[in-house]
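Right, one structure below, let's go through it.
No value in this document is a laboratory result; all are computed from the given coordinates. Because the structure is a prediction, the values reported are computed rather than measured. As a convention, Cβ positions derive from the backbone with ideal geometry for all residues, glycine included, and neighbour counts pool all protein chains shown.
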Amino acid sequence: MPERERVGVGLSRGLCLCGGIVSDTLCLTSPTTTSLDHEMLEWLSKIAGIDPKQFTEDFFGVGSLLINGSPDEIVNADRKEFTEQGKKVSISQVEERNLDGFAPRRKEIEDMLIALQKDAMTPLNFMNGVWKGPAWVMLPSGEKKNVTQTERIGPFLDGSVKVIEGRGYDEAGTVAFNAFGTVSFDPNTKTYTLHSYAMGRVGDFAFTPAAGGYTWEIPMGPNKIRYTANVKDGKWNEVGDMIVPGKEPMRIFEMNLVRAGDTDWPSAGAIPPK
C-alpha cells in the first residue's frame with residue numbers, strides 16, 4: 001500500500017485538499033501543474049466523492065465577481081490607474097477561470113458605466129442651449145481682435161457626452177474662428193476631459209466643473225492657458241489667462257454671452273431604422 005494511503009484522509013480532509021489542488025493548479029490547467037497533482041486529485045476526489053470538473057466550477061463560482069459581484073464591485077475591486085504621456089488610463093482586472101460569466105452581466109456593467117457618465121454630466125446642464133455675444137482675443141502681435149461669438153451646446157449619447165460648437169464672426173460676418181468639442185466623464189478615473197478641434201489643432205484637456213461654471217487648461221511647457229467660465233441667470237462670462245511662473249496672469253481672451261434659446265442639436269436628425 002502506498003505511504004499516502006496509510007494516512008488518515010477522510011471526506012472533509014479530502015475535500016479540503018481537493019480545493020487546494022484545484023485552486024493552485026486551476027483544475028490541472030496551470031503550466032506549473034505536475035503529474036503528482038493529477039495523481040493526487042484523482043485519488044482525493046474519490047475519497048471526497050466529487051467530480052473534479054464540477055467541483056472546479058462550483059469552487060470558483062463562489063468567489064466569482066462576474067457571477068456574484070455588483071457592477072461597481074466588478075469594475076472597482078481591482079482597478080489601477082496609470083498616467084501615460086499626460087493621459088490617464090484605468091484598467092480593471094477580474095480574475096476568473098473563464099469568461100462564461102461575462103456575457104450575462106455585460107449589459108448590466110455597460111449600463112452602470114453609462115449611468116455614471118450621465119450623472120456626472122448633469123451639473124453641466126446649464127451649458128445647454130444657444131448662446132451669443134461679444135468676445136475678443138489677443139493676437140500674437142498684441143492687438144485685440146473683436147468677434148461676435150456664438151455657441152450651441154447639447155447632450156449626446158443619451159446625455160453621457162456634452163457636444164459644443166463655437167463660432168466667432170468678424171465685422172463682415174465671416175467665420176474667423178470655429179471650434180468643435182466634446183466634454184466627457186470617465187467613471188474609472190473619475191475625471192472630465194475636453195476633446196477639442198480648433199482651426200487645425202486637436203487636443204485633450206483637463207476639464208473641471210465648478211459651481212455655476214468650469215475651468216480648463218492648455219499646457220504649454222512650463223506655461224499654460226487657463227480658461228475660467230461663470231454662468232448665471234442666462235449670462236456666460238469666460239476668460240482666458242496666460243499663466244507664466246513668476247509673473248502675473250495675462251488676460252488674452254474674454255467672451256460675454258447671453259442665452260438665446262434652446263436647441264435640439266446635436267441629437268435631432270437621427271436616422272430611424274425604417
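Would you mind telling me which residue in A179, A229, A211 has the biggest mean-square fluctuation in a Gaussian network model of the chain, where springs connect alpha carbons within a distance under 10 angstrom? Of the options given, A211 has the highest mean-square fluctuation.
Coupling constants for segment 190-201 follow from the phi torsions by the Karplus curve (6.51 cos²θ - 1.76 cosθ + 1.60, θ = phi - 60°), and in residue order they are 6, 10, 9, 9, 9, 9, 10, 10, 8, 6, x, 10 Hz; glycine and proline get x.
Across segment 107-118, computed HN-Hα scalar couplings (Karplus, 6.51 cos²θ - 1.76 cosθ + 1.60, θ = phi - 60°) run 5, 4, 5, 4, 4, 5, 5, 5, 4, 5, 5, 4 Hz from first to last residue, x flagging Gly and Pro. Computing FRET efficiency as 1/(1 + (r/R0)^6) for R226 and T263, where r is the C-beta to C-beta distance and R0 is 22 Å, gives about 0.20. Less than 5 angstrom separates the built amide H of F177 from those of G168, all sequence-distant by 5 or more or on a different chain. Our helix-only sum for the chain, with -39,500 (n - 2.57) per DSSP H run of n ≥ 4 divided by its residues, gives a mean residue ellipticity at 222 nm of -7500 deg cm²/dmol. Applied to segment 101-106, the Karplus parametrisation 6.51 cos²θ - 1.76 cosθ + 1.60 on θ = phi - 60° returns per-residue 3J(HN,Hα) values of x, 7, 3, x, 9, 4 Hz, with x for Gly and Pro.
The residue list I243, F185, V202 was ranked by how far each Cα lies along the charge dipole of the chain toward its positive end, using unit charges on Cβ atoms, and I243 comes out on top.
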